[in-house]
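Below is one structure, written out as structure tokens; the observations come after it.
What follows draws every value from the coordinates through simple rules; no lab data is involved. All values reported here derive from a predicted model rather than from experimental measurement. All Cβ positions, even for glycine, are placed from backbone atoms using ideal geometry, and neighbour counts span all protein chains on display.
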Amino acid sequence: MDPSTLILIGAIVFCGLGLLTSLRVLFEYERGVIFRLGKLTRAKGPGLIFLVPFGIERMNKMDLRIVALDIAPQDTITKDNVSVRVNAVVYFRVADPTKAVVEIEDYYFATSQLAQTTLRSVIGQSELDELLAERERINETVRLIIDEGSDPWGIEVTGVEIKDIDLPQEMKRAMAKQAEAERERRAKIINAEGEYQASTKLVAAAEAIQRFPVAMQLRFLQTVVEVAAENNSTTLFPIPIELFKPLVGDNEPASQDARLKALEVATETMMEALPDNKQRAALESAARKMIDGNAHQVEAEPAIKDDPNT
């Protein structure tokens, strides 16, 4: 074979291999930062890209997807001198591939260190109550600081979330006591408000009963029925004082007939309220004895008054 032909074939094979090695395929979430003889040209991709072969152009592949960076637990002290242990997660992505390659050696490690120091700094400037109650605000503050610090590196921080806040056991017990005391305070206030509302309702009820005295008698009878329904062997209930007004007049004493009549009315009222026949019979017997005793007393009083020795 002619030497010139061999040289031509060799050149074709060499160029073909160089062409094949200079082709790159990048996915949609990838970009290639191209250096030509060590000098930055631009970022290419996605899709099929061509590099000048034989090492003239080199490419650094960058991933543009969001990265979830777990921040190790950080021991720090809050503004009100409480020792806490906090860990968080940072979400970021490469926004400018050229800066992430040229401006920083390892953007992942640098972002991690920046997130740790920022988290400790922000927690040190916040009190414990703010850290527990205003977590969203603290998350946004940490995100803004990290995003501002990593912006020259071509990094965009999309979110920061504090995962856990670990408190000392002494502080947990103190907070539990505080919560218990707060619950007791609320219970006492609610109880006092209930008593006040009940008292206002009782005042209104008393005013209504005062305008209509018959309502007191109806309420009395209802109470007697409720007590008698419990099947008690002994029943104690009050008697309205209005039944004894003839016995205790204001200015002059009532006649004996009026007192006996009042006793009979009271006895009949109490017997009607008692459904038990045994209790009714016992009460009737006692009332009869009381009425007979009062009758004998009426007969004896004129004799005593007429006796000259009295």
_Against the condition among the hydrophobic types (A, V, I, L, M, F, W, C), in contact with a Lys or Arg (Cβ under 8 Å, 6 or more places away or on another chain) and without any contact (Cβ under 8 Å) to a residue 24 or more places away in the chain, how does Ile56 come out, does it pass?_
yes
Picking from Arg31, Arg42, the residue that is loosely packed, with under 14 Cβ neighbours inside 10 Å and assigned to a strand (DSSP E or B) would be Arg42
Regarding Asp75, is this residue part of a loop (DSSP other than H, G, I, E, B) and of a type in the set (D, E, K, R)? no
